[in-house]
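Note sheet for the following structure.
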Amino acid sequence: MCFSKDINKIQMFIKLKESKRFGVVDKRFESSAEHTCSCILLAQYFIKKITNIDENKVIKMLSYHDLFNVFLIDINLNDPNWNKKKELEKEAYNKVILNLPEELIDDYKKYMQEFEEQKTIESKFAKAIDVLEPVIHAYNQKEFWKEYKWTEKDLRKFKEKYFIEFPIILKFFNDFVNYANENDYFYKEM
């Protein structure tokens with residue numbers, strides 16, 4: 001391995017720590033690296049409760065799933081670019097390929113394709129974890145729920161469909177929704 005040849009490509013992993021997401025950590029926006037790390041740990045927690053899932057594939061998908069955020073600020077539901085999200089992510093995906101170390105390009109393409117196609121149990125599980133993590137993250141940020149007008153209806157509309165195949169995750173999500181209702185998290189539409 002040649003240090004000078006690889007250092008710039010390896011730096012992309014470090015830059016993931018600089019990319020911003022919508023979630024807030026200690027009065028600053030979280031990074032995609034923080035989200036990715038949390039997803040990997042959540043996956044390890046929930047995978048122990050579900051059988052017949054290849055943990056290694058899930059971990060690889062989650063490791064790669066937001067790497068394109070090095071080139072694209074995370075787009076959330078309130079973002080005006082929401083309707084162009086897939087197109088913008090594809091452009092960023094292509095930039096990742098150009099900037100990845102050669103040894104990882106095939107893995108990145110393989111696991112990102114599987115994650116995007118959502119045909120395998122591993123990709124569906126990884127997606128469920130990806131959409132559950134921000135909900136868990138926001139558990140201690142009750143003030144933002146009303147400020148950003150998060151309703152139970154919207155939370156269910158954009159999240160619940162990913163949990164249907166995983167009863168243990170669906171139950172966890174529903175328990176959280178019940179808790180959020182009981183503790184006045186949701187914005188109430190007039």
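Bear in mind these aren't lab numbers, they're just calculated from the coordinates by the rules spelled out. Everything numeric in this text was worked out from a predicted model, so none of it was measured. Using ideal geometry, Cβ is built from the backbone for each residue, glycine included, and neighbour counts are taken over all protein chains shown.
Numbers for the structure displayed
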read-out	value
Burial ordering of Lys48, Lys15, fewest other beta-carbon atoms within 10 Å first	Lys48, Lys15
Theoretical ellipticity at 222 nm over the chain - DSSP helices of four or more residues, -39500 (n - 2.57) apiece, nearest 500	-19500 deg cm²/dmol
In the range 103-172, trypsin sites (Lys or Arg not before Pro) in a DSSP loop with at most 11 other beta-carbon atoms within 10 Å	Lys119
Cα long-axis angle, helix 3-15 against the chain (0 to 90 degrees, to the nearest 10)	10 degrees
Placed amide H near Tyr148: partners under 5 Å, 5+ positions off or other chain	none
Volume per residue of the C-alpha convex hull in the chain, rounded to whole Å³	130 Å³
Whole-Hz couplings from phi, Karplus 6.51/-1.76/1.60, listed for the range 43-48; x for Gly and Pro	4, 5, 5, 6, 5, 5
Only Lys, Arg (+1) and Asp, Glu (-1) charged, at Cβ; the chain dipole about Cα centre in debye	200 debye
At R0 = 30 Å, FRET efficiency that the Cβ-Cβ distance of Glu165 and Asn94 yields, to 0.05	0.50
Efficiency of FRET between Lys157 and Ile121 - r from beta-carbon atoms, R0 35 angstrom, step 0.05	0.90
Relative intensity, log₁₀ I(q)/I(0), of the range 78-174 from a Debye sum that treats every alpha carbon as a point, q = 0.12, 0.14 Å⁻¹	-0.53, -0.71
Rounded if a/c under 1.5, otherwise prolate or oblate - the range 40-111, Cα gyration tensor axes	oblate
Among Phe144, Met12, Leu41 - extreme Cα towards positive end, dipole of the chain, charges at beta-carbon	Phe144
Pairwise label distance in nanometres, Phe13 with Phe144, each label 7 Å out on the Cα-Cβ vector	2.7 nm
